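Taking it in order: structure first as structure tokens, then the write-up.
The values are calculated or read from the model by the stated rules, or taken from the named source; none is laboratory data. Since the structure is predicted, the reported quantities are computational estimates derived from the model, not experimental observations. So basically every Cβ, Gly included, is an ideal-geometry build from the backbone, and we count neighbours across all protein chains shown. In case anyone asks, the SASA skips ligands and DNA or RNA and just uses the protein heavy atoms, side chains included. Shrake-Rupley method; radii C 1.70, N 1.55, O 1.52, S 1.80 Å.
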Amino acid sequence: MNRFEYVRPRSVAEAVAAGAVPGSAYLAAGTNLLDLMKIGVARPGRLVDLNHLPGLDGIEHQADGAVRIGAQVRNADLAHDPGFRRRFPAVAEALLSGASAQLRNAATVGGNLLQRTRCAWFQDTASACNRRDPGSGCDARGGENRLHAVLGWSEHCIATHPSDFCVPLAALDAVVEVEGPTGRREIALRDFHLLPGTTPERESVLAPGELVVALRLPAEAAGFAAHARYAKLRERTSYAFAVVSAAAALRIVDGRIVAARLALGGVAAKPWRAEEAEAALAGAAPEAAAFRRAAEAALAAARPSGDNAFKIELARRIAVRALTLAAAGTPERLPALPASPFAPLSGGRHV
Amino acid sequence: MSETRQMRHGSSIGQPVTRRDGLLKVTGQARFAADNHPAGLLHAVLAVSRIARGRVAALDLPAARAHPGVVEVMVTANRLALALHPDDKSVPFSFKLDLLQDDRVRYAGQPIAVVIAATLEAATEAAALLAPRYEAGPVEVTLDAPGGYVPESVGVGDPGEMRHGDVEAGLRAAARRIEATYETPLQFHNAMEPHGVVAAWEGDALSLDMPTQGLALTRMRLAALLGIRAEDIHIRSPFIGGGFGSKLLSGPQVLGILAARLVGRPVKLVLTRAQMYGPVTHRSPTRQTLRLGAARDGALTAIHHHVRTATSRHDDFLEPSAGVSHTLYAAPAIATTNEAVRLDTGTPGFMRAPGEASGSIALESAIDEMAHACGMDPLEFRLRNYAEVEPVSGKPFSSKALRECYAEGAARFGWAGRPLAPRQMRDEDGLLVGWGVGTATFPAIMFQAEARAVLRRDGTGLVESGTHDMGQGAWTAFAQIGADSLGLDLDRLEFRAGHSDLPNAGIAGGSGHTATAGGAIHAAGAQAIARLTEIAVADPRSPLFGAGNVGVVARGGRLLRRDDESRGEAYADILARAGLDSVEGRGSAAADPAAAERYAMHAHGAVFAEVKVDPELGQIRATRLVGAFAAGRIINPRLVRSQYYGGMIWGLSFALHERAAMDPRTGRVMNADLAEYHVPVNADVPSVEAILVEEQDPHVNALGIKGVGEIGITGTAGAIANAIWHATGTRIRRFPVAIEELGR
Ligand SMILES: Cc1cc2nc3c(=O)[nH]c(=O)nc-3n(C[C@H](O)[C@H](O)[C@H](O)COP(=O)(O)OP(=O)(O)OC[C@H]3O[C@@H](n4cnc5c(N)ncnc54)[C@H](O)[C@@H]3O)c2cc1C
Ligand code: SF4
């Protein structure tokens, strides 16, 4: 790990001032950043520690029905907040399907949004990687890339965004509140992460020094609480990133879907909102045929970036699964294996 | 429960004693090698090669040396001369080492320099600053590499080819034939504790804290390499955080020792997790083709087990996967053949059940395929082909309670009523359910060991043997044997282990440690008791006077007349009257060649697995595992059950998870961390049961012990593969099972 300066700001303003200095990085729980520093992928000259900043760790249920979550709120604390969980069950389920209990206890909302791709060549400094080292090439192409992107990728980069949390956030129109050297602004989560295009090194729309201070879920998002689920396909029962995942949220009135939300994870460099699918579902009966049509629409533009054609069909199936589960209704309590195909549908048994 | 059957009154052996080191471990007080910080300690960090073949053309030594805190950088030029070439393998079970002998790179992850600094952080960063430049050559790292050769031997001296009967004739005569090829992956050692050493030199004497599965062998090789006397090397290895075959002497540990010599200060060197993927051996990939023939009634007519595997370009170890076919199923014709290819990787080596694990998943899958071809229940098929004598040698088994394992395991699992056809069972949530069985087997191996036992005047005992506790519970099991051998209660015995100054206990490997070192301890205790008995029976003042002919028994710290247990005397009294502080016995144990000549000696077991598979998504979960094992005498059922659990979970890992993704273009492992190199987590093993099936073996060794450390993997991996087929109707022949194989 390189030598770096360590700064512990006392206010958001101080943090932003420190973070604006080139070569700085914000340190939240460090579960991603410190790992990357240890393997030489991140070599910041200065760490700006967010852990002692006042005012970034609250969960505020606002009068208009929105919820505002401080950037430093821990993933586990958010998932277990009773009000949050009741109103945004798919988000809680996605959070609890990620990483391990130890990691969730540490990892923050801001860090989860800004975690880097798990692409193995990105993590290996001896390999060519346009995202890490612009213009060097992409060794994932021609490597074992079975888990890489099938949507929105470019010749320059085929990596995926690994977050589970961001998938329902994209579906539910979450908003990211940002503070930077030039002031405050708000960014829709769907527009927050960038597709690689010709500049894969640009992963989000954040300008240098901009700090995520909070995340907001609008009141409207809670309107899906009765039919909202997250489904995640993994290579082991727990503690694995998604092969593919989906967040589905429905409003069902008189046996018809009046509003639908669908987003996919593990398929692209950003959480993938599937608006074509949502349009296909509007007005339909919540049934298998409609779900399959929606899944087809969601993946219509998909194409393999390597040995991963299978992911396209699996993404369709996970979308169908999430929609099916959502249509069946949000369970009284979250299953002990959140988002897992092995969570009992009947709900009775625990593990 | 079988536990009670194994117990004897007044005996420690057979009792489910909890680990004597348990409290130390759960409270963090057990001191592992890297927990030692002698005064003046410096930290050493390896720089390792990122290419797999070629040479190191340049290292930026000035940059590394200039980094604050750096004391020295050890490279080929300043590495101290060795008395023995690192390629010399004259010490048993050793591999060629990479000790900076030249600028050649033979695999990715090979050490190319060692940075020694005041802090771990400084050494780590300076190692990165070396920024090596390479001249790289083309690499071959997969079994698809061109060419290959037919090896004379595989494993440790097993024949490369074995033929019994006429396989081709057997196949021709068969009513049913199957031929199938199975692939097992490249796997790396991932013990919780990475390899490391804390080395301190005092003149020519060397003091080491270092995990090793073979104290004496490690000391012997170090003495030869360093050109010093073995007696001047003192290795402390009280606790080992998992070894599984990888913790004999490794190159990086020697480099730590050389670094300490170079700077004249104590040095600690510990591998990072990523550095485990190179210099400390691994399990090679295999491609195994099985050809089986069976008569109409299901009797096997022929087994041909062919293995293609790999070793490094510079050294030899071939995963002996076909060995399981020599012993498991009766067939009039059995052939095993091997081919190998040399790759630009580190040298493979012993990884828990080397050969048996990889061979078992292939053989058990093939047997299942044949059972299906014959329209038979897979358990019935295995019983139909039960080997009453070892098929290839024709020798009787020293003992074999496999039939009981099948029966007890099947009953506990609820095997009866299993539908013959696949894809017949669903759970209440619509998940596909399948049941599979696999046979477990592992040879009963012995090495050589010595022990010393002492009875002391205060009525306590001491047993010394340089045994190795790798987490399996050796501290406890050997103390139990020691206490019984001296006729003492367990709490009256002091047991010393884990140090190279103690009597040579051989190695903790091949599942033979308990049998071997246990045998030595047993013999040492018996000799101490015999000496004490001589004193007592010759002393007219003793109630045992003259009991020499009828004999005595030792129990609870007393010698008792065998014909009248009311007449006896405490050890302390005998010693006091004789004016002695103690009596001592020495013992040793080794394989008995005569027994090996007469008998085939193996542990056996039967593993039953239930898996559930999501019919659309293809995600798999092994929801239930039941293993029943017969392995001779059980010293401690609690520890043994733990070994079986660990083995079975490893078997699950083999079938479903573990695989190193080596980039064929570079030879680098792309998932060299525990986030991406998957092993099972708790949620993957919701229910594991191990049944200890009673088995008495009068031939295998004095204590009748067969060994339990590795057998659990075998059988399990195949049982899971077979259960997946039964759940889905899809036969997967490449392991671990990838999600896309079922989610199509
Ligand atoms: C073994 C393992 C398994 C995992 N499995 C999963 C999984 O299954 N699903 C999943 O979703 N995630 C998974 N994760 C990822 C985990 O969720 C992230 O590591 C975590 O959320 C990052 O949060 P952090 O607070 O530690 O961020 P850090 O590591 O501190 O920061 C991450 C990045 O975000 C930046 N940053 C942090 N906060 C802010 C802010 N407020 N404003 C601007 N920039 C900021 C940092 O500069 C850094 O670049 C796993 C991680 C590990 C190590
Ligand atoms: S896919 Fe993207 S992150 Fe991975 S190596 Fe290519 S450019 Fe880098």
>> Over the Cα atoms of the range A:38-186, each weighted equally, I'd like the Debye log10 I(q)/I(0) at q = 0.12 Å⁻¹, rounded to two decimals.
In response: -0.64
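When the dipole is taken about the Cα centre of chain A, and only Lys, Arg (+1) and Asp, Glu (-1) are charged at their Cβ, what size is it in debye, to the nearest 20? Working shown, then result.
Details: 41 positive and 35 negative charges, 129 e Å.
So the magnitude is around 620 debye.
Over all residues in A:306-312, what is the mean tally of Cβ atoms on other chains that come within 10 Å of each residue's Cβ? Show your work: numbers first, answer last.
Numbers: counts 0, 1, 1, 1, 7, 3, 0.
Per-residue shielding by partner chains comes out at 2.
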> What is the Rg over Rh value, at two decimals, for the range A:1-52, using alpha-carbon atoms and the Kirkwood definition of Rh?
Replying inline: 0.96
> Taking θ as phi - 60°, what are the ³J(HN,Hα) couplings along the range B:699-713 by the Karplus curve (6.51, -1.76, 1.60), each to the nearest whole Hz, with x for Gly and Pro?
Replying inline: 10, 5, 5, 4, 8, x, 9, 10, x, 10, x, 10, 4, x, 5
>> What are the ³J(HN,Hα) couplings of the range B:369-382, residue after residue, when phi is run through the Karplus curve with 6.51, -1.76, 1.60 and θ = phi - 60°? Round to Hz, x for glycine and proline.
In response: 5, 6, 4, 5, 4, 8, x, 10, 4, x, 6, 4, 4, 5
>> With viscosity set to 1.002 mPa s at 20 °C, what whole-number translational diffusion coefficient in µm²/s follows for the range B:412-555 from Stokes-Einstein and a Kirkwood radius over Cα pairs?
In response: 115 µm²/s
> If you find the alpha carbon centre of the range B:280-326 and of the range A:4-55, how far apart are they in angstrom?
Replying inline: 53 Å
> Any idea which of A:N51, A:A20, A:L36 is furthest toward the positive side of the dipole for the range A:1-52, if Lys and Arg beta-carbons carry +1 and Asp and Glu beta-carbons -1?
Replying inline: A:L36
> Cα centroids of the range B:72-106 and the range A:147-217: how far apart, whole angstrom?
Replying inline: 50 Å
>> What three numbers, in Å, describe the spread of the alpha carbons of the range A:53-97 along their principal axes, ordered from the longest?
In response: 28, 24, 12
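As a check on your grasp of the helix formula, calculate [θ] at 222 nm for chain A: sum -39500 (n - 2.57) over DSSP H runs of n ≥ 4, divide by the residue count, round to the nearest 500.
Calculated at 222 nm, the ellipticity per residue is -7000 deg cm²/dmol.
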> What is the set of long-range amide H partners of B:A440 at a cut-off below 5 Å, with H atoms built 1.01 Å from backbone N?
Replying inline: B:G605, B:A606, B:V607
> In what sequence, highest mean first, do B:530-538, B:129-137 appear when ranked by Cβ atoms within 10 angstrom?
Replying inline: B:530-538, B:129-137
>> How large is log10 of I(q)/I(0) for chain B at q = 0.05, 0.08 Å⁻¹ when the intensity is taken from the Debye formula with one equal scatterer per alpha-carbon?
In response: -0.27, -0.68
> Which value in deg cm²/dmol, rounded to the nearest 500, describes the helix-derived mean residue ellipticity at 222 nm for chain B, given -39,500 (n - 2.57) per DSSP H run of n ≥ 4 and division by the residue count?
Replying inline: -7500 deg cm²/dmol
> Can you work out the base-10 log of I(q)/I(0) for the range B:1-114 at q = 0.11, 0.20, 0.22 1/Å, using the Debye formula on its C-alpha atoms alone?
Replying inline: -0.66, -1.17, -1.25
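With only alpha-carbon atoms in the gyration tensor, what are the semi-axes of the equivalent ellipsoid for the range B:536-625, in Å, largest first? The partial results should precede the final answer.
Details: eigenvalues 630, 80, 42 Å².
Semi-axes (√(5λ), whole Å): 56, 20, 14.
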> For the protein assembly as shown, with the dipole built from +1 on Lys and Arg beta-carbon atoms and -1 on Asp and Glu ones, taken about the Cα centre, which of B:Q619, B:V56, B:L652 lies farthest toward the positive end?
Replying inline: B:Q619
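Under a Cβ-Cβ cut-off of 10 Å, what is the net charge of the residues other than B:V150 that fall near it, where Lys and Arg count +1 and Asp and Glu count -1? Could the numbers behind the result be given before it?
Numbers: positive: none; negative: B:E152, B:E161, B:E339.
Around B:V150, the surrounding residues sum to -3.
Checking a compactness column here: for the range B:189-290, what do you get for Rg(Cα) / (2.2 N^0.38 Å), N being the number of residues?
Values: Rg = 14.8 Å, N = 102, 2.2 N^0.38 = 12.8 Å.
Its radius of gyration relative to the 2.2 N^0.38 Å reference: 1.16.
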> Going toward the positive end of the dipole of the protein assembly as shown, with +1 on Lys and Arg Cβ and -1 on Asp and Glu Cβ, which of B:A589, B:P419, A:L211 do you reach last?
Replying inline: A:L211
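How large is the charge dipole for the protein assembly as shown, taken about the Cα centre, if only the Cβ atoms of Lys, Arg (+1) and Asp, Glu (-1) carry charge, to the nearest 20 debye?
Numbers: 116 positive and 117 negative charges, 169 e Å.
Rounded to the nearest 20 debye, it is 820 debye.
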>> Tell me the total accessible area that A and B bury against each other, 1.4 angstrom probe, in square angstrom rounded to 100.
In response: 3400 Å²
> For the protein assembly as shown, max minus min Cα coordinate along each principal axis, in Å, sorted largest first?
Replying inline: 101, 74, 60
> Ordering B:I240, B:I691 from largest to smallest accessible area (1.4 angstrom probe), what's the sequence?
Replying inline: B:I691, B:I240
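From other protein chains only, count the Cβ atoms within 10 Å of every residue's Cβ in B:671-683, then give the mean.
Partner Cβ neighbours, averaged per residue: 5.
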>> If you build the convex hull over the alpha carbons only and average its shadow over all orientations, what do you get for chain A? Give it in nm² to one decimal.
In response: 16.9 nm²
> Packing-wise, with mean Cβ within 10 Å as the measure, how do B:623-631, B:170-178, A:125-133 rank, highest first?
Replying inline: B:623-631, A:125-133, B:170-178
>> To the nearest 20 Debye, how big is the dipole of the range A:1-52 about its Cα centre, given +1 on the beta carbon of each Lys and Arg and -1 on that of each Asp and Glu?
In response: 120 debye
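Using only atoms on other chains, find how many Cβ atoms lie within 10 Å of each Cβ of peptide A:97-104 and report the average. Mind dumping the intermediate values first?
Working: counts 0, 0, 1, 3, 0, 0, 1, 0.
Mean partner shielding for this stretch: 1.
Determine, for each peptide in B:511-520, B:405-414, the mean count of other beta carbons within 10 angstrom over its residues, then list the peptides with the highest first. List each step's numbers first, then the result.
Numbers: B:511-520: 29.7, B:405-414: 19.7.
Top to bottom by mean Cβ count within 10 Å: B:511-520, B:405-414.
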>> Give me a comma-separated list of calculated 3J(HN,Hα) values for the range B:611-616, in order, Karplus coefficients 6.51, -1.76, 1.60 applied at θ = phi - 60°, integers in Hz, x for any Gly or Pro.
In response: 10, 10, 10, 6, x, 9
